[in-house]
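The values are calculated or read from the model by the stated rules, or taken from the named source; none is laboratory data. The model shown is predicted, which means the values in this text are computed figures rather than measured ones. Heads up, the Cβs are rebuilt from the backbone with ideal geometry, glycines too, and the neighbour counts pull from every protein chain shown.
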């Protein structure tokens, strides 16, 4: 659950102030000078902070700082992360920079047998005590909030003994465990080897190895015992290649089809629309040269661009499909769109937010078709000073549709396309490139960050099976459209903020100081020569330094981890990464409900409504709904890609791949394969025989034998050893560490490396002398 960062900070500063006395929420609201809507938000923030253990409800519902009550230093709450091997895990404390438990390290080690049945992402309470090897370690004494309760799994009429082998220690049961009797389900994506009992299957036509959807009613303990679930649905045979997508859709609650009432209303809208009749009050821009640029396999086309260069200034038109014209407030389409909140793009299908009759037809900016748009018109000087912005209800007719690949080809060989496309279109693209690159250069000069992780695109055959994968390149054609969409979003947000209206901003709060300190330590450990990473400029300097190197993926991930997640809300907190004070999402109303809500506010302003905006409290609620739906969709997309890649790699067990170490943990390494962009885990137990220790300084695992050093960015040859579809994990084994074997290669963090073993060195010298004498 997302909370207002600004209100959270104000609340915690007051609660931890020396003059604070335990108070009720209303008294706190009075002190903080909050209005009614903000008071409601305050109550929600307090509830979440209590859940996280950062605040406590005392007697008579008084709010007390966790540090103010006994025992706060001995127990703490945080998110649990289970290690890939060995049955242990880590807890990241919820409190950060608030004065509570500041002496607790970033991650609390939880040894085997002390995890209390906690699963990945659960909010837990741990009791901390001095560790046996220094530092602290914890015991999970309570699971406060489960990350999820519904899972997919594989049905069996009878439990079978778990497999044994080199990876057995990655699970929490053994072949000697007492297995449940009767029908069971082996859960997908969990660490428990033992199944959960499902008891009554309600006469469902189930056979062994069917995929099912279940809800856990009794979670297994650390020994994998006691788990019980209820079957909600039979999904189908696990041999069906389409079952992966259906499983993920059920797991993340993604809808299948639109309700009939929604489809009926969409058909009514289609019957009402006549593209030959110009609606009253709309600006006719059909004679304006207009093009669209999208991915070659794009599933919706909701933005188009026009641009003119005149008298030493630029006039840019950003045309966005007017979805609000077809989706009426409170109608069946609107209710369903708000429930979905976002379109979901899976490898083999799209789950649209609104019916295809609208998204792929009425609101699709197809070439040579008259389409309704909301157009943001921006005038700017050569120095990029904006002199005028205006938003119109308009009608356009796109002249030509391009994909990114075509534009990239044109930019590398302009003369090749002039004959086919014509001089006006080529000149438009030239002007678009010139202006976009100018805006982009200035944006980064002013402090904007470039830290997007590249998307993984699956290559599918005609049957929908994976035949490979690649990273999506963010080329100049992508950048052209990105800059113009950012300009449109910023222009609309600036206009609405100037009118002092409530609307959904796209908020990206500045990173917490604690996280920036951690990022600084991480960067210093890598020996990059950068000692401070606090400002946007310093962060960008780090990103620029590792660009194109083996460290790029790992450092980009570390920077992203240090950032807050971008969310939706009515709060005017700006966008940190973009360095924009005014920002919202306006340019994708086909696939994002927040954009649609902003379009409706714009329409009310154009209609000159006296009270166009919604209440702050209503928008807070809508922002939370949309942020949660966006996060859920992203997780579903990510997990399905991983699952399909694992199926593909199942046939490649034993094959060798090139990889780069992308993350280092005490229990092993994560490596990103280079030709096939997939991450695998290398357990520490499979590294060359040695006793390894984790060195945070330098981000490496070091053994005592020469050459047994594995650090972030090392280039490896690995072997695919195991693909665990139930655990959804790829296991790799190191064949060769090319970085460690380079003769004379200096360490990036030589001062952090272990001291040489002089006894071993003397023994080796004596052996060499004996060999020489024998010769």
Determine whether the stretch 459-475 contains at least one residue that is surrounded by 18 or more Cβ atoms within 10 Å (Cβ to Cβ) and farther than 23 Å from residue 366 by Cβ. yes
Inspect all residues belonging to the stretch 440-450 and state whether any of them is surrounded by 19 or more Cβ atoms within 10 Å (Cβ to Cβ), at pLDDT 90 or above and closer than 21 Å to residue 315 by Cα. yes
So, of the residues in the stretch 673-700 that are part of a strand (DSSP E or B) and surrounded by fewer than 21 Cβ atoms within 10 Å (Cβ to Cβ), which turns out to be farthest from the chain's Cα centre (by Cα)? 693
Which of (1) in a strand (DSSP E or B); (2) out of contact with any strand residue (DSSP E or B) (no Cβ under 7 Å at 6 or more places or on another chain) is the odd one out, the single condition residue 388 does not satisfy? (2)
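Is it the case, given these coordinates, that residue 71 is modelled with pLDDT under 60, assigned to a loop (DSSP other than H, G, I, E, B) and touching a helix residue (DSSP H, G or I) at 6+ places or on another chain (Cβ under 7 Å)?
Details: modelled with pLDDT under 60: yes; assigned to a loop (DSSP other than H, G, I, E, B): yes; touching a helix residue (DSSP H, G or I) at 6+ places or on another chain (Cβ under 7 Å): no.
In short, no.
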What's the total number of residues in the stretch 617-636 that are at pLDDT 90 or above and surrounded by 18 or more Cβ atoms within 10 Å (Cβ to Cβ)? 9
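Could you identify the single residue in 527, 548 that is free of Cβ contacts under 8 Å to residues at least 12 places away in the same chain and under 30 Å from residue 695 (Cβ atoms)? Talk me through it step by step, then tell me what you get.
Values: 527 fails: free of Cβ contacts under 8 Å to residues at least 12 places away in the same chain.
Every option except 548 fails the conditions.
Given the criteria over 25 Å from residue 556 (Cβ atoms) and surrounded by fewer than 20 Cβ atoms within 10 Å (Cβ to Cβ), does residue 706 qualify?
Details: over 25 Å from residue 556 (Cβ atoms): yes; surrounded by fewer than 20 Cβ atoms within 10 Å (Cβ to Cβ): yes.
The answer is yes for residue 706.
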Counting only residues that are in contact with a helix residue (DSSP H, G or I) (Cβ under 9 Å, 6 or more places away or on another chain) and closer than 30 Å to residue 617 by Cα, the stretch 465-488 contains a total of 2
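Being in contact (Cβ under 8 Å) with a residue 60 or more places away in the chain and either surrounded by fewer than 20 Cβ atoms within 10 Å (Cβ to Cβ) or outside the structural domain of residue 270 (by TED's automatic domain parsing) (or both) is the filter here; which residues of the stretch 365-377 pass it?
Going through the stretch 365-377, the residues in contact (Cβ under 8 Å) with a residue 60 or more places away in the chain turn out to be 365-367, 369-377.
Passing the criteria: 366, 367, 369, 370.
Conditions tested, residue by residue: (1) buried (at least 17 other Cβ atoms within 10 Å of the Cβ); (2) under 33 Å from the mean Cα position of the chain (by Cα); (3) at pLDDT 95 or above; (4) part of a loop (DSSP other than H, G, I, E, B).
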| position | (1), (2), (3), (4) |
| --- | --- |
| 265 | yes, no, yes, no |
| 279 | no, no, no, yes |
| 306 | yes, yes, yes, no |
| 309 | no, no, no, no |
Surrounded by fewer than 15 Cβ atoms within 10 Å (Cβ to Cβ) and either farther than 30 Å from residue 646 by Cα or in contact (Cβ under 8 Å) with a residue 12 or more places away in the chain (or both): does that describe residue 258? no
A careful count of residues in the stretch 343-365 that are in contact with a helix residue (DSSP H, G or I) (Cβ under 9 Å, 6 or more places away or on another chain) and assigned to a loop (DSSP other than H, G, I, E, B) gives 9
Just one of 470, 474, 508, 478 is free of Cβ contacts under 8 Å to residues at least 60 places away in the same chain and under 24 Å from the mean Cα position of the chain (by Cα); which is it? 474
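Looking at residue 385, is it out of contact with any helix residue (DSSP H, G or I) (no Cβ under 9 Å at 6 or more places or on another chain) and under 28 Å from residue 580 (Cα atoms)? Steps first, answer last, please.
Working: out of contact with any helix residue (DSSP H, G or I) (no Cβ under 9 Å at 6 or more places or on another chain): yes; under 28 Å from residue 580 (Cα atoms): yes.
It is true that residue 385 is out of contact with any helix residue (DSSP H, G or I) (no Cβ under 9 Å at 6 or more places or on another chain) and under 28 Å from residue 580 (Cα atoms).
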Give the residues of the stretch 182-227 that are surrounded by 17 or more Cβ atoms within 10 Å (Cβ to Cβ), more than 28 Å from the chain's Cα centre (by Cα) and assigned to a strand (DSSP E or B), sorted by residue number. 184, 185, 196, 197, 210
Identify the single condition in (1) touching a strand residue (DSSP E or B) at 6+ places or on another chain (Cβ under 7 Å); (2) crowded, with 23+ Cβ neighbours inside 10 Å; (3) not in a strand (DSSP E or B) that residue 542 does not satisfy, given that it satisfies every other one. (1)
Note on residue 347: of the conditions (1) in contact with a strand residue (DSSP E or B) (Cβ under 6 Å, 6 or more places away or on another chain); (2) at pLDDT 95 or above, unmet is (2)
Scanning the stretch 326-342 for residues that are outside any helix (DSSP H, G or I) and out of contact with any strand residue (DSSP E or B) (no Cβ under 6 Å at 6 or more places or on another chain), the one nearest to residue 275 (Cα to Cα) turns out to be 326
Select from the stretch 483-505 the residues that are without any contact (Cβ under 8 Å) to a residue 40 or more places away in the chain and at negative phi and list them in ascending order. 498
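Would you confirm whether or not the stretch 317-325 contains a residue that is part of a loop (DSSP other than H, G, I, E, B), closer than 23 Å to residue 631 by Cα and at pLDDT 95 or above? Before the answer, list the steps.
Applying the first criterion (part of a loop (DSSP other than H, G, I, E, B)) to the stretch 317-325 yields 322.
Add one more test, that the residue is closer than 23 Å to residue 631 by Cα, and what stays is none.
Scanning the stretch 317-325 turns up no residue that is part of a loop (DSSP other than H, G, I, E, B), closer than 23 Å to residue 631 by Cα and at pLDDT 95 or above.
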Residue list for the stretch 192-206, restricted to those being in contact with a strand residue (DSSP E or B) (Cβ under 8 Å, 6 or more places away or on another chain) and free of Cβ contacts under 8 Å to residues at least 12 places away in the same chain: none
Selection within the stretch 228-254 - in contact with a strand residue (DSSP E or B) (Cβ under 7 Å, 6 or more places away or on another chain), surrounded by fewer than 16 Cβ atoms within 10 Å (Cβ to Cβ), touching a residue at least 24 places away in the same chain (Cβ under 8 Å) and closer than 25 Å to residue 628 by Cα: 232
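Filtering the stretch 311-327 down to residues that are farther than 19 Å from residue 588 by Cβ and in contact (Cβ under 8 Å) with a residue 12 or more places away in the chain, which residue is surrounded by the fewest Cβ atoms within 10 Å (Cβ to Cβ)? So that I can check it myself, show each step before the final result.
Here is the first cut: in the stretch 311-327, the ones farther than 19 Å from residue 588 by Cβ are 311-315.
Among the residues that remain, those that are also in contact (Cβ under 8 Å) with a residue 12 or more places away in the chain are: 312-315.
Numbers: 312: 7, 313: 14, 314: 21, 315: 16.
Of everything passing the filter in the stretch 311-327, 312 is surrounded by the fewest Cβ atoms within 10 Å (Cβ to Cβ).
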Just to be sure I understand, how many residues within the stretch 110-134 are surrounded by 14 or more Cβ atoms within 10 Å (Cβ to Cβ), assigned to a strand (DSSP E or B) and either out of contact with any strand residue (DSSP E or B) (no Cβ under 9 Å at 6 or more places or on another chain) or at pLDDT 85 or above (or both)? 6
